[in-house]
Amino acid sequence: DSGVTQTPKHLITATGQRVTLRCSPRSGDLSVYWYQQSLDQGLQFLIQYYNGEERAKGNILERFSAQQFPDLHSELNLSSLELGDSALYFCASSFRTGLYGYTFGSGTRLTVV
Amino acid sequence: DQQVKQNSPSLSVQEGRISILNCDYTNSMFDYFLWYKKYPAEGPTFLISISSIKDKNEDGRFTVFLNKSAKHLSLHIVPSQPGDSAVYFCAASDQAGTALIFGKGTTLSVSS
């Protein structure tokens, strides 16, 4: 157990629908990062939050949004889902960065049918 | 444009031999380089890192080498063990606090 909790582990939904992925960071970590891993792709950075505020955006589609709540848990909202959104979505958290890296959760596998 | 590239999708090595995983980057502003290991159905786990002011960092069986002039880093695993079989990701960031940029990963298979 890495200390980063992601729910649900698996999600199957239809095109056009909206889903919410949840992440609880490791205790004490203020930063939360969301990454997407599609087939044959590396981990694509989506968005970063630090202590409730958006810190950086990566390749996040306009149909996707996220937020970090006062208790530091984060949610990633995916709307108007398309088949191509099927992927593994990872959340990671950190207290210190640079050489210390992040702690990743085990991911949510989203399948859009 | 990929800033971090792992050009070998897979590598097969015999137990006890050396595994060398390679990574190239294009952004000369990168200061921190990290390697992660990922098993199926699990999230990536941090393995080892190196800052741009060093050219080598060692942790047990794992050593990372950085060649800044060539914008190249490598991970050496000696000796390789079957439990090392996993996907290895190279990652980099330009300063502490910015998001890590990952390569596509290399699948290492260590046979006994």
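The values are calculated or read from the model by the stated rules, or taken from the named source; none is laboratory data. Keep in mind the model is a prediction, meaning the values are calculated, not measured. Positions of Cβ are generated from backbone atoms using ideal geometry, with glycine treated the same way; all protein chains shown enter the neighbour counts. Quick note on the areas: whole protein, heavy atoms, side chains included, nothing else; ligands and nucleic acids left out. Shrake-Rupley method; radii C 1.70, N 1.55, O 1.52, S 1.80 Å.
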Contact order relative to length of chain B, as percent, for alpha carbon pairs under 8 angstrom and 6 or more apart
37 percent
Residues in segment B:1-43 reached by a label modelled at B:GLU58 [backbone nitrogen below 16 Å; 7 Å Cα→Cβ]:
B:18-19
Could you put A:LEU83, A:LEU61 in order of accessible surface area, largest first, with the 1.4 Å probe and the full protein assembly present?
A:LEU83, A:LEU61
Estimated inter-spin distance, A:ARG96 and A:SER38, nm [label 7 Å along Cα→Cβ]
3.7 nm
Consider just the alpha-carbon atoms of the protein assembly as shown and return their Rg together with their Dmax, both in angstrom.
17.4, 51
Looking only at other chains, what is the average number of their beta-carbon atoms within 10 angstrom of each beta-carbon in A:92-104?
6
In the protein assembly as shown, lysine pairs with alpha-carbon atoms under 18 angstrom apart (chain gap of 8 or more, or interchain)
13
Highest-fluctuation residue, B:SER74, B:SER51, B:SER12 considered, GNM on chain B with Cα pairs under 10 Å
B:SER12
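Give me the percent of DSSP beta bridges within chain A that run antiparallel, rounded to the nearest 5. Before the final figure, lay out each step's value.
Numbers: 36 of 40 bridges.
Bridges in chain A that DSSP calls antiparallel: roughly 90 percent.
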Students often get this wrong: which residues of segment B:75-112 have the backbone nitrogen under 12 Å from the point 7 angstrom along Cα-to-C-beta of B:SER12?
B:109-112
Among residues other than A:LEU72 whose Cβ falls under 15 Å from its Cβ, what is the net charge (Lys/Arg +1, Asp/Glu -1)?
-2
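Report the relative contact order of chain A, percent, no decimals, based on alpha-carbon pairs under 8 angstrom and at least 6 residues apart. Let's see the in-between values first.
Details: 285 pairs, mean separation 42.1, N = 113.
Answer for chain A is 37 percent.
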Using a Gaussian network model of chain A with C-alpha springs under 10 Å, which one of A:PHE69, A:PHE90, A:PHE45 is most mobile by mean-square fluctuation?
A:PHE69
Quick one: if you stick a label point 7 Å off each Cα along the C-beta vector at B:HIS72 and A:LEU61, how many nm between them?
3.8 nm
